[in-house]
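Step one of this worksheet: look at the structure below.
The values are calculated or read from the model by the stated rules, or taken from the named source; none is laboratory data. Note that the structure is a prediction, hence the values are computed from the model and not measured. Don't worry about glycine lacking a Cβ; one is built from the backbone with ideal geometry, like all the others, and counts go over all protein chains shown.
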C-alpha cells in the first residue's frame with residue numbers, strides 16, 4: 001500500500017511545486033521594459049481618460065513604469081490589433097470601450113479574432129447613456145418621444161454608425177414598433193454642439209459628454225439606457241421605469257491582454273486593477289467620468305464582454321448596420 005502511495009505523493013508534491021513557482025513568477029513579474037496601456041481611442045476621450053487615471057496607481061503598485069500609448073482609429077480596432085499582435089509577456093495591455101463588443105459584427109474582416117486573441121483582464125466599469133433633447137424642445141418626457149415616434153417619427157443623433165447608442169436606440173425602436181431615425185455624427189463634440197443648438201431633436205450620449213450640458217440647462221435629460229439610475233444623474237428615469245422593462249444597454253470600459261499571456265500574469269494584473277479601483281482618488285476620478293465601478297475576476301469580465309458581443313451582433317445583423 002505504501003509503495004502505491006509514493007508515486008501519488010510525489011505527483012502531489014510536484015504539482016504543488018509547479019503551482020508555487022507559477023505564483024512566485026506572477027508576484028515577481030517584471031517585464032523587460034515599461035508596461036504599455038494601449039488606449040484604443042485618441043487623447044481626450046473616455047478611453048484615454050480611464051487609461052490615464054489607472055496609470056499612476058498601477059505604476060506605484062507594480063513598482064514598474066507604466067505608460068499610456070494612444071492607438072486610435074477605426075472604432076478602436078487599430079489599437080486592439082496592435083495589442084493582439086504584441087508579445088504575451090505582460091508588457092502590453094489594451095484599454096477598450098464598448099465598441100469592442102460591437103466591432104466583430106460591424107467589421108467582418110478584422111485582422112484578429114476578438115474572442116480568441118484578446119482575453120479580458122478586468123472590467124473597469126459601466127455607465128448609462130443618456131437620451132437628451134434641447135432646452136426648448138417640445139419633448140418633456142420619453143413618453144412624448146414615443147408618441148411622436150409612433151406618428152411621424154423622430155430623429156436622434158449618436159456618435160456614429162454602429163455606436164452603442166445607435167444600436168441601443170435601434171433595438172428599442174424595432175422591438176416596440178416606433179420610428180426613430182438615426183443621424184450619425186463623428187464623435188461626442190459635434191453631436192453635443194448640434195444637440196444644444198436644436199439642429200437634431202434628440203441625442204444619445206454618455207453621461208460624461210451629456211451631463212455638463214444638462215447641468216447648464218442647455219439640454220434636458222429624458223431617460224437613461226441602463227436598468228438602474230445613474231448615480232451621477234439620479235433624477236433621470238430609466239427606460240425600464242418608462243415602460244420598457246428589462247432594457248439595459250450600458251457603456252463599458254475594460255482591460256484586455258494579448259492571447260497566450262500566462263494566466264498567472266492576467267490574474268496578477270486583474271488583482272492590481274481591482275486594488276487600484278479601491279483607491280479613493282482613482283474611484284473618485286472615474287466616478288467623475290460617469291463610470292460605476294465593477295471590480296471582479298477576469299472570467300467575470302469575459303462573460304460580460306461575450307454577452308455584449310452576442311447581444312449587439314444580433315442587432316447589427318437584423319438591421320444591416322454598416323460602419324461609417
Exactly one of 214, 223 is farther than 29 Å from residue 92 by Cα, touching a helix residue (DSSP H, G or I) at 6+ places or on another chain (Cβ under 7 Å) and outside any loop (DSSP other than H, G, I, E, B), and that one is 223
Answer with yes or no whether residue 228 is assigned to a loop (DSSP other than H, G, I, E, B) and either over 20 Å from the mean Cα position of the chain (by Cα) or buried (at least 21 other Cβ atoms within 10 Å of the Cβ) (or both).
no
Inset, instruction - Inspect all residues belonging to segment 109-116 and state whether any of them is surrounded by 22 or more Cβ atoms within 10 Å (Cβ to Cβ), modelled with pLDDT under 95 and within 24 Å of residue 168 (Cα to Cα). - result: no
Report task. Would you be able to say whether some residue in segment 72-90 is surrounded by fewer than 20 Cβ atoms within 10 Å (Cβ to Cβ), in contact with a helix residue (DSSP H, G or I) (Cβ under 8 Å, 6 or more places away or on another chain) and modelled with pLDDT under 95? Result -> yes
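Just to check your reading of the model, which residue among 125, 162 is at pLDDT below 95 and under 15 Å from the mean Cα position of the chain (by Cα)? Don't jump to the end; show me each part of the working.
Values: 125 fails: at pLDDT below 95.
Among 125, 162, only 162 is at pLDDT below 95 and under 15 Å from the mean Cα position of the chain (by Cα).
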Looking across segment 50-103 at residues that are at positive phi and not in a helix (DSSP H, G or I), the single one that is nearest to the chain's Cα centre (by Cα) is 73
- Restricting attention to segment 281-294, does a residue exist that is out of contact with any strand residue (DSSP E or B) (no Cβ under 8 Å at 6 or more places or on another chain), over 23 Å from residue 159 (Cα atoms) and part of a loop (DSSP other than H, G, I, E, B)? no
* Quick one: would you say residue 286 is in contact with a helix residue (DSSP H, G or I) (Cβ under 9 Å, 6 or more places away or on another chain) and either surrounded by fewer than 19 Cβ atoms within 10 Å (Cβ to Cβ) or not assigned by TED's automatic domain parsing to the domain that holds residue 107 (or both)? -> no
ask   = Is segment 246-263 home to any residue that is at pLDDT below 95 and farther than 20 Å from residue 162 by Cα?
value = yes
The number of residues in segment 158-181 that are in contact with a helix residue (DSSP H, G or I) (Cβ under 6 Å, 6 or more places away or on another chain), farther than 20 Å from residue 42 by Cβ and free of Cβ contacts under 8 Å to residues at least 60 places away in the same chain is 3
ask   = Looking at residue 274, is it in a helix (DSSP H, G or I) and surrounded by fewer than 21 Cβ atoms within 10 Å (Cβ to Cβ)?
value = yes
Check: Quick one: is residue 303 assigned to a helix (DSSP H, G or I), surrounded by fewer than 19 Cβ atoms within 10 Å (Cβ to Cβ) and either modelled with pLDDT of 95 or more or in the same structural domain as residue 142 (by TED's automatic domain parsing) (or both)?
Finding: yes
Within segment 259-270, residues buried (at least 18 other Cβ atoms within 10 Å of the Cβ) and part of a helix (DSSP H, G or I) come out as 264, 265, 266, 268, 269, 270
Any residue that is at pLDDT below 95, surrounded by 10 or more Cβ atoms within 10 Å (Cβ to Cβ) and assigned to a helix (DSSP H, G or I) - is there at least one of those in segment 30-47? yes
Per the list (1) over 21 Å from residue 162 (Cα atoms); (2) in the same structural domain as residue 175 (by TED's automatic domain parsing); (3) surrounded by 17 or more Cβ atoms within 10 Å (Cβ to Cβ), residue check on residue 209 breaks on (1)
Scanning segment 177-186 residue by residue, those closer than 18 Å to residue 314 by Cβ and surrounded by fewer than 14 Cβ atoms within 10 Å (Cβ to Cβ) turn out to be 177
